[in-house]
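Student: Pasting a structure below so you can have a look.
The values are calculated or read from the model by the stated rules, or taken from the named source; none is laboratory data. Bear in mind that the values here come from a model prediction, so they are computed numbers and not experimental data. Every residue, glycine among them, receives a Cβ derived from its backbone with ideal geometry; neighbour counts consider all protein chains shown.
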Amino acid sequence: MKRSLLIIEDDLGLQNQLKWSFDAYEVRTADDRESAAEIVKKHRPAVITLDLGLPPDPGGVTEGFETLQAIQSISPHSKVIVITGNDQSNVAVQSIAQGAYDYYQKPIDPDMLALVIDRAFRLFDLEEENRKLQRLDVTNPLDGIIAVSPEMHAICRTVERVSGTDITTLILGESGTGKDVIARAIHRYSVRANQPFVAVNSAAIPENLLESELFGHEKGAFTGADRQVKGKVEMANGGTFFLDEIGDIPMSLQPKLLRFLQERVIERVGGRSEIPVDVRVICATHQNLAQLIKEGKFRHDLFYRINEITIQIPPLNERRGDVRVLANTFVQRYALEMKRNISGFTETALAAMEAYSWPGNVRELESRVKRAVLMSTTNQVTEQDLELENNGKAARSIIQPLREIRNTAERRAIVGALAEAGGNVSRAAELLEITRPTLYSLLNKFDLKV
């Protein structure tokens, strides 16, 4: 797609010459402040050339400077190149002081002006890429994690601190909250990132096969063992071993797991030799391990060994603002994957999702959005497409302090405005009908980075 260039020039002959000279760009033209402002509002051109001598003051610069100010208020990231007369060096300096990117003195040489314009485009592209990276702090606090809630941002900061060590980590949370996503993030940001990440779900493997799955077996160890097989722990050597649903580990296997955690050695089923392994261990469960210990179903010493540091992931209905950003991410992903012309959600669908309690957490949200994208008959997912039922969240809700309600609403509005404005603070402030300093103050209040 061609890059957008706006030429603001009241001399129609020169305007046409410049338009012809820069046909490599998507060129739009304007000959006064009002038409220029309209184009900037609609198209947000990356680069703009501005002749300061515009009507009704073609012999002066007053109208040109007012046009420059209007452009900056609408699209502050656009690069404005001011065109001045060859005897107006003081005006050129003044225009730079008022926010222009560069200036060019007449007479115009299209080849020389092209160099200035190309440099402006390269700087705009570089700054835009930087803004995209900065926007990750709002909706993507870590690569692979989509969240705007303070609760998840705090977890991401913990992940950053934990990933630099080999400390054994226990991740707790309801089913579907994303425990595996956090485990993979810890691995991805660790020094072991280029080594294997091996995951085992204890609940998905029959009890009589779990020991062999974890630690491997020797040939002849049991009926059907016709060859030596490495276990998942050994396969993770040098990297990270993720043991999901550790609460489902049978008591009979817990001593062997404890020995592995303490000494970092294993023995294959049917084997006699100790095999040293160098792995970082992350465990996870949705169960209450303290209760399992009371019931005699989980060992105290194993709990203390895996619980060197704990990360508690809140359920989705306690993560303020995350439903909307996750849903938008999923709808874009599956619309692209299924080649469906789905642009997003209706307002009633968004309201229904935010009112729903999500007992299945993020996994349920993703599943419902995926199905809705497939079944939707319009270009927006509706409340009916999601097939949400009132599962009693409203009935169970409690009265919140007004300050908390106000803070939640303000934070959600700010995140929504920033997303709508593509991270542009001036544009977001305009959408919220507040000043830039007020928006910056609110960003600091809610610890949001842009």
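Student: Specify the residue that is surrounded by the most Cβ atoms within 10 Å (Cβ to Cβ); the eligible residues are those in the range 411-450 that are closer than 17 Å to H153 by Cβ and over 20 Å from the mean Cα position of the chain (by Cα). Can you show your working first?
Tutor: Initially, the range 411-450 is screened for residues closer than 17 Å to H153 by Cβ, giving 411-412, 414-416, 418-419, 423, 442-450.
The next check asks that each one be over 20 Å from the mean Cα position of the chain (by Cα); those that pass are 442, 445.
Details: L442: 18, K445: 12.
Applying the filter and picking the extreme gives L442.
Student: Can you confirm whether R44 is at positive phi and at pLDDT 85 or above? Quick ask: steps written out before the conclusion?
Tutor: Working: at positive phi: yes; at pLDDT 85 or above: yes.
It is true that R44 is at positive phi and at pLDDT 85 or above.
Student: If you don't mind, there's one more thing I want to ask. For the range 207-226, check the following and say yes or no: at least one residue is assigned to a loop (DSSP other than H, G, I, E, B) and crowded, with 19+ Cβ neighbours inside 10 Å. Break it down stepwise before answering.
Tutor: Step one: list which residues in the range 207-226 are assigned to a loop (DSSP other than H, G, I, E, B), which gives 218-226.
Remaining after also requiring crowded, with 19+ Cβ neighbours inside 10 Å: none.
No, the range 207-226 has no match at all.
Student: Identify the residue in the range 56-113 that is in a helix (DSSP H, G or I) and of a type in the set (S, T, Y) and, among all such residues, is nearest to Q15 (Cα to Cα).
Tutor: First, the residues of the range 56-113 that are in a helix (DSSP H, G or I): 62-74, 89-97, 110-113.
In the following step, the residues that additionally are of a type in the set (S, T, Y) were identified as 62, 67, 73, 89, 95.
Values: T62: 20, T67: 17, S73: 24, S89: 23, S95: 21 Å.
Result: T67.
Student: Looking at the range 234-277 only, could you name the residues that are touching a Gly at 6+ places or on another chain (Cβ under 8 Å) and either acidic (D, E) or in a helix (DSSP H, G or I) (or both)?
Tutor: Correct list: E234 only.
Student: Can I ask one more? Find the residue count for the range 20-43, including only residues that are touching a residue at least 12 places away in the same chain (Cβ under 8 Å), more than 15 Å from I81 (Cα to Cα) and outside any strand (DSSP E or B).
Tutor: Counting residues in the range 20-43 that are touching a residue at least 12 places away in the same chain (Cβ under 8 Å), more than 15 Å from I81 (Cα to Cα) and outside any strand (DSSP E or B) gives 10.
Student: Out of the residues in the range 326-350 that are among the small types (G, A, S) and at pLDDT 90 or above, which is farthest from E383 (Cα to Cα)? First the steps, then the outcome.
Tutor: Applying the first criterion (among the small types (G, A, S)) to the range 326-350 yields 327, 335, 343-344, 349.
If we keep only those that are at pLDDT 90 or above too, we end up with 327, 335, 349.
On the way: A327: 13, A335: 17, A349: 4 Å.
Filtering the range 326-350 for residues that are among the small types (G, A, S) and at pLDDT 90 or above, the one farthest from E383 (Cα to Cα) comes out as A335.
Student: OK, next. Restricting the range 28-73 to residues that are among the hydroxyl-bearing types (S, T, Y) and in contact with a helix residue (DSSP H, G or I) (Cβ under 8 Å, 6 or more places away or on another chain), which is surrounded by the fewest Cβ atoms within 10 Å (Cβ to Cβ)?
Tutor: If we filter the range 28-73 for residues that are among the hydroxyl-bearing types (S, T, Y), which is where we start, we get 29, 35, 49, 62, 67, 73.
Now restrict to residues that are in contact with a helix residue (DSSP H, G or I) (Cβ under 8 Å, 6 or more places away or on another chain): 29, 49, 67, 73.
On the way: T29: 18, T49: 26, T67: 25, S73: 12.
My answer is S73.
Student: Out of the residues in the range 160-203 meeting the condition of being without any contact (Cβ under 8 Å) to a residue 40 or more places away in the chain and of a type in the set (D, E, K, R), tell me which one is farthest from P359 (Cα to Cα).
Tutor: Per the criteria, the residue is R161.
Student: Something else about it: Restricting to the range 28-70, count the residues that are basic (K, R) and within 33 Å of the chain's Cα centre (by Cα). It would help to see each step written out before you state the result.
Tutor: Here is the first cut: in the range 28-70, the ones basic (K, R) are 28, 33, 41-42, 44.
Subset that is within 33 Å of the chain's Cα centre (by Cα): 41-42, 44.
Adding up the residues that qualify gives 3.
Student: A further question follows. Condition test on S21, is it within 29 Å of A428 (Cβ to Cβ) and in contact with a Pro (Cβ under 8 Å, 6 or more places away or on another chain)?
Tutor: Values: within 29 Å of A428 (Cβ to Cβ): no; in contact with a Pro (Cβ under 8 Å, 6 or more places away or on another chain): yes.
Taking the combined requirement at face value, the residue does not satisfy it.
Student: Can K2 be described as touching a strand residue (DSSP E or B) at 6+ places or on another chain (Cβ under 9 Å), surrounded by fewer than 16 Cβ atoms within 10 Å (Cβ to Cβ) and closer than 20 Å to D118 by Cβ? Quick ask: steps written out before the conclusion?
Tutor: On the way: touching a strand residue (DSSP E or B) at 6+ places or on another chain (Cβ under 9 Å): yes; surrounded by fewer than 16 Cβ atoms within 10 Å (Cβ to Cβ): yes; closer than 20 Å to D118 by Cβ: yes.
Yes; evaluated as a whole, the condition is true for this residue.
Student: Condition check: under 43 Å from the mean Cα position of the chain (by Cα) and either buried (at least 22 other Cβ atoms within 10 Å of the Cβ) or aromatic (F, W, Y) (or both). Does V82 satisfy that? Steps first, please.
Tutor: Numbers: under 43 Å from the mean Cα position of the chain (by Cα): yes; either buried (at least 22 other Cβ atoms within 10 Å of the Cβ) or aromatic (F, W, Y) (or both): yes.
Considered against the rule, which asks whether it is under 43 Å from the mean Cα position of the chain (by Cα) and either buried (at least 22 other Cβ atoms within 10 Å of the Cβ) or aromatic (F, W, Y) (or both), V82 comes out as yes.
Student: Further, regarding this structure: Sort out for me the helices (runs of 4 or more DSSP H) sitting completely within the range 281-390 that have 1 or more residues that are surrounded by fewer than 15 Cβ atoms within 10 Å (Cβ to Cβ).
Tutor: Numbers: elements: 289-294, 300-306, 322-337, 347-355, 361-375, 383-386.
Passing ranges, in order: 289-294, 300-306, 322-337, 347-355, 361-375.
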